[in-house]
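The values are calculated or read from the model by the stated rules, or taken from the named source; none is laboratory data. What you are looking at is a predicted structure, and each value in this text was computed from that prediction instead of being measured. Here the Cβ is made from the backbone with ideal geometry for all residues, glycine too, and neighbour counts use every protein chain on show. We work out accessible area using only protein heavy atoms, side chains counted, and drop any ligands, DNA or RNA first. Shrake-Rupley method; radii C 1.70, N 1.55, O 1.52, S 1.80 Å.
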Amino acid sequence: MAQFILTGIQDKVAVITLNRPEKLNAWNTEMRDEIIAALRAFDADPDVAAIIMTGAGDRAFCAGQDLEEAKHFDVARSEEWMREWETYYDALRGLSKPLIMALNGTAAGSAFQVTLLGDIRVGHPGVRMGQPEINSGIASVTGPWIMREMLGLSRTIELTLTGRLMDAEECRQVGLLHHVVPQDQVMPKAMEIARELAAKPPVALRLDKQRFREMTEPGFRDAIEAGIRIQAQSYASGEPARMMDAFFRKRAAKH
């Protein structure tokens, strides 16, 4: 039984809910493993025709990597970590069924990247999205790859180096949020879209998704290999550990 996610099926639409609201749904290795298992099971289930991913609570879809876990990484663990992300992204990219992201709140860092690997994104005016990893001393590699595919190089550089979060309106303007609706309408809208896509001819839909994956495959593999190399340099420098330690000291001082 999953510890960090909730799952269910309604009208041939599967829903995966990230369920660590006390941690802003930030993921650790165990949570990602549960998500991967759920994605694979639903993709293989003939009674499922579409998948929705969302988060518990009303503050965050997901705050990205749980820094409580990442602060203990060393060079060797950083390579294992990147291979875990390769498996997770492979599971998302390899889905034969449509994936709708129902954003109940902020999607930051790796969670921002995961939302962009979905097919259609629904959010509300309070949603913020972006790549703040630089602020934690974490180098961004897979993030810039997928942002460049979606936004072009200029905006990717700006978002990566500043670490700022875009509000919902900016996300809509640049095409990252396809629908912005009132907060209480996010899941109903996502369900409406999921049912619409579930009714499409399944072979054509599967082949369309397959082709999108093929088009981006070389860049994805390059990003993973670059990530292994660059994260090793990053963690060898000690900067991520120093930045995350400062973050936790600052948070403890507030409490």
(request) Output the number of the condition that residue 84 fails; it satisfies all remaining conditions of (1) under 15 Å from residue 234 (Cβ atoms); (2) open to solvent by 30 Å² or more (accessible area, probe 1.4 Å). (result) (1)
(message) Please go through (1) crowded, with 20+ Cβ neighbours inside 10 Å; (2) touching a His at 6+ places or on another chain (Cβ under 9 Å); (3) among the hydrophobic types (A, V, I, L, M, F, W, C) for residue 181 and return the number of the only condition it doesn't satisfy.
(response) (1)
(message) I'd like the full set of residues that are closer than 30 Å to residue 201 by Cβ and not in a helix (DSSP H, G or I), limited to segment 82-105.
(response) 94, 95, 96, 97, 98, 99, 100, 101, 102, 103
(request) Considering only residues that are modelled with pLDDT of 85 or more and among the acidic types (Asp, Glu), look in segment 57-94 and name the one that is nearest to residue 186 (Cα to Cα). (result) 58
(request) Enumerate the pairs (first residue in segment 229-251 and within 18 Å of residue 66 (Cβ to Cβ); second residue anywhere and open to solvent by 80 Å² or more (accessible area, probe 1.4 Å)) with beta-carbon separation below 7 Å, excluding pairs fewer than 6 apart on the same chain, so at least 6 apart or on different chains. (result) 235/74
(request) Those residues that are open to solvent by 10 Å² or more (accessible area, probe 1.4 Å) and farther than 22 Å from residue 196 by Cα, I need them from segment 92-107; list them, please. (result) 106
(request) Take residue 41 and decide whether it is outside any loop (DSSP other than H, G, I, E, B), farther than 16 Å from residue 118 by Cβ and of a type in the set (A, V, I, L, M). (result) yes
(request) Go through segment 106-196 and tell me which helices (runs of 4 or more DSSP H), entirely inside it, have 3 or more residues that are over 26 Å from residue 12 (Cα atoms), modelled with pLDDT under 95 and small (Gly, Ala, Ser). (result) none
(message) closer than 30 Å to residue 41 by Cβ and of a type in the set (Val, Ile, Thr): is that true of residue 122 in this structure?
(response) yes
(message) Among the residues of segment 44-81, what is the count of those that are open to solvent by 50 Å² or more (accessible area, probe 1.4 Å) and assigned to a loop (DSSP other than H, G, I, E, B)?
(response) 8
(request) Only residues that are in a strand (DSSP E or B) and more than 20 Å from residue 80 (Cβ to Cβ): list them for segment 11-38, please. (result) 13, 14, 15, 16, 17, 18
